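The values are calculated or read from the model by the stated rules, or taken from the named source; none is laboratory data. Model, not experiment: these values are computed from the prediction. Neighbour counts run over all protein chains shown; Cβ positions are idealised from the backbone, glycine included. Keep in mind that these areas ignore ligands, DNA and RNA; they rest on the heavy atoms of the full protein, side chains included. Shrake-Rupley method; radii C 1.70, N 1.55, O 1.52, S 1.80 Å.
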Amino acid sequence: MNRLPELSTLKRPHDFTAWLRALADVAIASVHPDTLLPARLPEPPSGRTVVIGAGKAAAAMAAALEKAWSANYPDADLEGLVVTRYGHGAQCEMIDVLEAAHPMPDNMGEVAARRMLAAVTELGQSDLVIALISGGGSALMTLPAAGLTLAQKQSVNKALLRCGAPIREINTVRRHLSAIKGGRLAAAAHPAQVVTYLISDVPGDDPTLIASGPTLPDDSTPRDALEILRRYNLEIDQSLRAHLQREGSTPHPEDPAFARDTPVMLAKASDALEAARSAAVAAGIKVRVLGDNLEGEARTLGAEHGLLALAAQRDSREPLLILSGGETSVTVTGNGRGGRNVEYLLGLFSTLAGAEGIYGLAVDTDGIDGSEDNAGALFAPGDWTRMQTQGLDPAAYLANNDAYSFFAELENLIITGPTRTNVNDFRAILILPTAK
């Protein structure tokens with residue numbers, strides 16, 4: 001575990017923001033595929049081993065698998081392909097790495113999905129499929145169900161992302177408009193055994209929800225998808241509606257064909273939080289973890305955490321670190337720039353109103369907050385005065401969903417580039433006691 005500086009040695013505001021930034025690095029490093037996959041390899045089969053995968057961590061997972069496989073099984077062949085987001089690739093020798101768009105699917109995602117389906121079709125009982133699945137896979141591996149088009153799926157995807165629905169509901173709709181999600185890709189691979197390695201980006205870590213479960217069937221139905229669309233008043237064209245009304249071919253979890261298949265959870269949000277908690281405790285600070293599965297409207301959760309931080313500061317005479325993870329939502333009504341982490345942070349910042357001794361950070365562990373180039377942002381108490389000097393109005397930026405621009409003006413964005421892992425949001429609030 002990386003060691004952080006003792007909190008008692010920090011003096012200046014910059015020291016505390018740098019400490020929070022280093023804490024985020026500790027959390028993200030703890031859930032990287034390089035440290036997780038090598039010790040959990042399956043045994044080579046007597047037949048072929050085919051790798052498929054999708055997600056923001058898929059290329060890093062493929063590279064880690066290749067390296068460990070070659071070291072442990074030098075005489076065993078490996079083949080296949082994975083798809084990741086543009087710019088999130090990694091160098092592989094035996095596994096093809098494709099790149100596609102996220103969060104809005106593009107034709108490369110469809111190309112990748114068709115190639116994966118073809119790669120696992122006609123495998124036999126003695127063959128093995130290794131699926132490398134992580135967050136982002138739903139958009140990156142897009143194969144419309146028969147009779148539907150990519151343009152139709154793009155339209156539904158855009159509406160779902162803007163309406164504020166939680167990821168589990170978004171993925172339920174995606175699953176029932178797909179030719180490979182909801183266990184269909186594994187069904188195509190049977191009778192081969194399918195071992196699925198997962199890095200979870202979903203609150204609750206339900207394996208069937210990660211990337212909409214291409215190799216793991218679930219109990220949801222097309223009727224569930226229709227109900228979600230109704231609840232958010234999302235209009236879809238008649239062919240999509242007709243598909244959901246008649247679609248009934250979803251694989252069922254109790255199907256005996258899935259009996260040999262195995263899901264393996266490599267990393268989840270709680271792992272990143274535990275790594276951060278342990279590092280902070282070692283640095284001499286008390287830690288409170290709110291949970292790894294927090295959801296809700298980003299700015300609202302930020303405001304709630306601001307009130308929580310103020311109350312904690314009043315009640316405590318020692319430093320306190322508050323950690324949380326999960327995936328918030330943003331109901332988009334403006335036309336600004338911003339992901340859910342900066343919107344959360346601006347809600348927190350606005351509620352604190354420059355409160356002395358409270359620092360905040362929020363990042364997406366994949367290095368990309370929404371569709372921008374930042375992972376998130378951070379702030380120090382003195383940034384409230386800087387904001388006033390620059391004439392910035394946080395309420396106006398929130399109203400326009402423009403938290404990215406707000407923190408850019410303060411030069412407080414965190415830009416890491418792709419981390420090639422993804423366990424969703426990491427949030428930290430550092431609370432220092434004030435004179436009573």
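Computed over the Cα atoms, what is the radius of gyration of the chain divided by 2.2 N^0.38 Å, N being its residue count?
Here the answer is 1.01, to two decimals.
I'd like the accessible area for S405: 1.4 Å probe, protein heavy atoms, all chains in place, Å² to the nearest 10.
Only protein atoms counted, so the area is about 30 Å².
Kirkwood hydrodynamic radius, computed over distinct alpha-carbon pairs, for region 12-140: how many Å, to one decimal?
Hydrodynamic radius (Kirkwood, Cα pairs) of region 12-140 is 15.8 Å.
Take the Cβ-Cβ distance between V264 and V111 as r, set R0 to 22 Å, and report the resulting FRET efficiency rounded to the nearest 0.05. Can you show the working numbers first?
On the way: r = 27 Å, r/R0 = 1.25.
So, using R0 = 22 Å, E works out to roughly 0.20.
Write down the Kirkwood hydrodynamic radius of region 1-73, to one decimal in angstroms, obtained as one divided by the mean of 1/r over all alpha carbon pairs. Walk me through the numbers before you get to the answer.
Numbers: mean 1/r = 0.0657 Å⁻¹.
Evaluated on region 1-73, it is 15.2 Å.
Counting only DSSP beta bridges with both residues in the chain, what percent are antiparallel, rounded to the nearest 5? All intermediate terms of the calculation are to be shown ahead of the outcome.
On the way: 21 of 56 bridges.
In the chain, approximately 40 percent of DSSP beta bridges are antiparallel ones.
Could you tell me which of rounded, prolate or oblate describes region 217-344, using a ≥ b ≥ c as the square roots of the eigenvalues of the alpha-carbon gyration tensor, with rounded for a/c under 1.5 and, failing that, prolate when a/b is larger than b/c and oblate otherwise? Before the final figure, lay out the partial values.
On the way: a/c = 3.63, a/b = 1.61, b/c = 2.25.
Taking the square roots of the gyration eigenvalues as a ≥ b ≥ c, region 217-344 is oblate.
Considering only Cα-Cα distances, which of the following residue pairs are longer than 32 Å: K67/K286; K67/K268; K67/K181?
K67/K286
Could you do me a favour and compute the accessible area per residue for the chain, 1.4 Å probe, result in Å²?
Accessible surface, normalised per residue, equals 39 Å².
Calculate, axis by axis, the spread of Cα positions in region 183-247 along the three principal axes, and write the results as whole Å, longest axis first.
Between the extreme Cα coordinates on each principal axis of region 183-247 lie 38, 29, 16 Å.
Round to the nearest 0.05 the FRET efficiency obtained for D393 and D75 when R0 = 56 Å and r is the Cβ-Cβ distance.
So, using R0 = 56 Å, E works out to roughly 0.30.
Can you tell me the length gained on complete extension of the stretch T221 to E411, counting 0.36 nm per residue apart and subtracting the Cα distance?
The T221-E411 span can extend by a further 63.8 nm.
Can you give the accessible area of D261, probe radius 1.4 Å, in Å² rounded to 10?
Accessible surface of D261 is approximately 30 Å².
What percent does the relative contact order of the chain come to when contacts are Cα pairs within less than 8 Å and at least six residues apart? Present the calculation step by step, with values, prior to reporting the outcome.
Details: 1020 pairs, mean separation 75.3, N = 436.
Once normalised by length, the contact order is 17 percent.
Give me the tail of P(r) for region 96-151 as a percent: Cα-Cα pairs with distance above 18 Å.
The calculated P(r) of region 96-151 puts 37 percent of pairs beyond 18 Å.
Quick one: ranking E295, E318, E356, E235 by accessible area, 1.4 Å probe, largest first, what do you get?
Accessible-area ranking of E295, E318, E356, E235, largest first: E235, E356, E318, E295.
Apply the a/c threshold of 1.5 to the C-alpha gyration tensor of region 105-208 and tell me whether it is rounded, prolate or oblate. Show your work: numbers first, answer last.
Values: a/c = 2.35, a/b = 1.42, b/c = 1.66.
It comes out oblate by the Cα gyration axes.
Would you mind giving the three semi-axes, in whole Å and largest first, of the ellipsoid equivalent to region 304-436 according to its Cα gyration tensor?
24, 18, 13
Ignoring ligands, DNA and RNA, how do H32, H252, H243 rank by accessible area with a 1.4 Å probe, largest first? Numbers along the way, then the final one.
Details: H32 40, H252 95, H243 15 Å².
Correct descending sequence by accessible area is H252, H32, H243.
Quick check: with the 1.4 Å probe, what order do E327, E274 take by accessible area, largest first?
E274, E327
Given springs between every Cα pair under 10 Å in a Gaussian network model of the chain, which of D366, D96, D219 has the largest fluctuation?
The residue that fluctuates most here is D219.
Rounded to the nearest 10 Å², what accessible area does I285 show when all protein chains are kept and the probe is 1.4 Å?
Surface open to solvent at I285 totals about 10 Å².
Run lengths n ≥ 4 of DSSP H only: what is the helix-derived mean residue ellipticity at 222 nm for the chain, with -39500 (n - 2.57) per run over all residues, to the nearest 500?
-11000 deg cm²/dmol
Taking amide H positions as placed in the peptide plane 1.01 Å from N, state which residues far from G87 in sequence (5 or more) or on other chains have amide H under 5 Å from it.
Under 5 Å from the amide H of G87: no residue qualifies.
Carbon-plus-sulfur fraction of the accessible area of region 169-247, 1.4 Å probe, in percent?
47 percent
Percent of alpha carbon pairs in region 165-273 separated by more than 16 Å? Could you put the intermediate results ahead of the total?
Values: 3474 of 5886 pairs.
The calculated P(r) of region 165-273 puts 59 percent of pairs beyond 16 Å.
Using θ = phi - 60° and the Karplus curve 6.51 cos²θ - 1.76 cosθ + 1.60, what whole-Hz ³J(HN,Hα) does each residue of region 108-115 get, with Gly and Pro shown as x?
Per-residue couplings from phi come out as 5, x, 6, 4, 4, 5, 5, 5 Hz.
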